[in-house]
Structure formats: structure tokens, C-alpha cells
Amino acid sequence: MKPAGIVTGMLSEAECISVAETPHAIFCAAGSPGRAQFGALKLLEGGARKLISFGIAGALDPARSQGDIVLASHVEDHAGHRFPTDTAWRQKLASSYRNIGSVTEGAIVTTDNPVAAMRDKATLFHRTKAVAVDMESAGVAAAALENGIPFLAIRVIADTSTFTLPHCALVGLDEDGSTRPVTVLAHLAARPWEFVALLKLARASKLAMSCLSRIASVGF
């Protein structure tokens, strides 16, 4: 199994890959398609021969539940450009991951900013018909296409299409992919009504991260 160059949004997502039998090069892009593309190019310079966008995502499709695995059939960026994934590779992994949980092969759309509100998720789903939304995959896809490298986006649903992300959670990510708990708590102190939603999101993220670890243990 050849090592892959893997781009995540958060360090916690990168930590899930530590259980993989094969070591992989990893870059954390911290919720930025531009940084994701930059990081993917750096991974290619370091010798990666295939690229993966890996992490949690928000559901746009109402049929998708927490913990569902999404393997992108293609990735769409904010301008509507579409980037295909490697079909044979995707289908091989889909077969392997079905022992972990529900697997959907469908479109993922990448945005420059978080899609937090339920109504915004519905609008984006109506426009793109994408299964899920993230903030890194299109950048990785662009780097792969530019260099003729196989590409996949592997995502696990954390927040569903009917869940509105609390504002305090949107300020909790630093540029290196680490979390900023003090900042989150400060915002929560000013918006205490978001506590329940934040707790629900933490539980959903924990479930999704567990699924990511199981995916990494099966391999890429």
C-alpha cells in the first residue's frame, strides 16, 4: 500500500490517521481551500503519489445521518468547478468501508466559509445537490488535477442538515488546525444559550472522529 498525502482541516482529524498501518504525510489546512491546495502541493513535493482530503463534514442531504461515510464522486468549489475523484480507488474503498457503517458515493461541495445555519444548508443542497459540505476538498482536488495525481475525498458526517452550528464553535479553530478552547468558552459566556447545541456538536464530532479512526485502521 503506497503512502498517501492527506489533507485534514483539524489536528484532531490528523490524529485519527495514527492508527493506520502505513505511515502517511499529513497537512492541516484549518478550514481553508487555499491552504488545502498549498498543503497538497507541498505533500506532492515531498513525494506523495496520491492525495486524500480527510475529515468530518456537514450534511446537506437530509437523508444523511451522523457517522455516515461520504466518498466524493466529485468535488465542487464555490465557483461551480467540478473535480472528479478516482473511480476505481473510490469503489474499492467503498466496499471496504461498508463494514464500518453506511457509505454514500456522492458530491461534496467546498466553501470558503462555514455553512452553519439549517436554511443555508438547504439552499446549498438545492443549488448543488451535494451530499455534504467541507472547507478543504476542492483545494486538494485542484492540486491533484494540476499534477495528474489520483484524488479522493473521504468524509464522515458530524452535523446533519437540520442542525445549526453554534456561533461559539465557529471561532474554535486556529490556523494550524488546533482548537482554541479558551476562545470558545469566551464566546459561550456571551452566548450561554448555545451550550446545548455545543454539547450536541461535541458528541456528534466524537462519533465522527471514531469513525475516521476506524477508516484509517482499514486503510486507504
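Every number in this text was worked out from the coordinates using simple rules, so none of it is lab data. This is a predicted model, so every value here is computed, not measured. Using ideal geometry, Cβ is built from the backbone for each residue, glycine included, and neighbour counts are taken over all protein chains shown.
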Query - Cut-off under 5 Å, modelled amide H: who pairs with residue 161 long-range - result: 59
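Which whole-number percent is the relative contact order of the range 1-152 (Cα, under 8 Å, 6+ apart)? Spell out each step's value before the answer.
Values: 313 pairs, mean separation 48.2, N = 152.
For the range 1-152, the relative contact order is 32 percent.
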Query raised in the report: How large is ³J(HN,Hα) for each residue in the range 119-129, as worked out from phi by the Karplus curve 6.51 cos²θ - 1.76 cosθ + 1.60 (θ = phi - 60°), to whole Hz, x for Gly and Pro?
Result: 5, 6, 5, 5, 5, 5, 5, 4, 6, 10, 6
Query - Zone of residue 195's modelled label, taken as backbone nitrogen in the range 165-180 under 18 Å from a point 7 Å along Cα→Cβ - result: 166-169
Query raised in the report: Around residue 111, with a cut-off of 13 angstrom between Cβ atoms, what is the net charge of the other residues, counting Lys and Arg +1 and Asp and Glu -1?
Result: -4
Requested in this report: First measure r as the distance between the Cβ atoms of residue 82 and residue 113, then evaluate 1/(1 + (r/R0)^6) with R0 = 22 Å and state the FRET efficiency to the nearest 0.05.
Outcome: 0.65
Query raised in the report: Pick the calculated Kirkwood radius over Cα pairs in Å for this structure from (i) 17.0; (ii) 18.4; (iii) 17.9?
Result: (i)
Report task. Mind sorting 110, 104, 123 by how few other Cβ atoms lie within 10 Å of their own Cβ, fewest first? Result -> 123, 104, 110
Query raised in the report: Per the helix-only calculation at 222 nm, which mean residue ellipticity applies to the chain, given -39500 (n - 2.57) for every DSSP H run of n ≥ 4 and division by its residues, nearest 500 deg cm²/dmol?
Result: -12000 deg cm²/dmol
Requested in this report: Give the angle, between 0 and 90 degrees and rounded to the nearest 10, that separates the Cα long axis of helix 33-45 from the longest principal axis of the Cα atoms of the chain.
Outcome: 30
Query raised in the report: So for 154, 6, 26, fewest C-beta neighbours within 10 Å to most, what's the order?
Result: 26, 154, 6
Report summary line: Taking 24, 187 and counting other beta carbon atoms within 10 angstrom, the fewest-first order is 187, 24
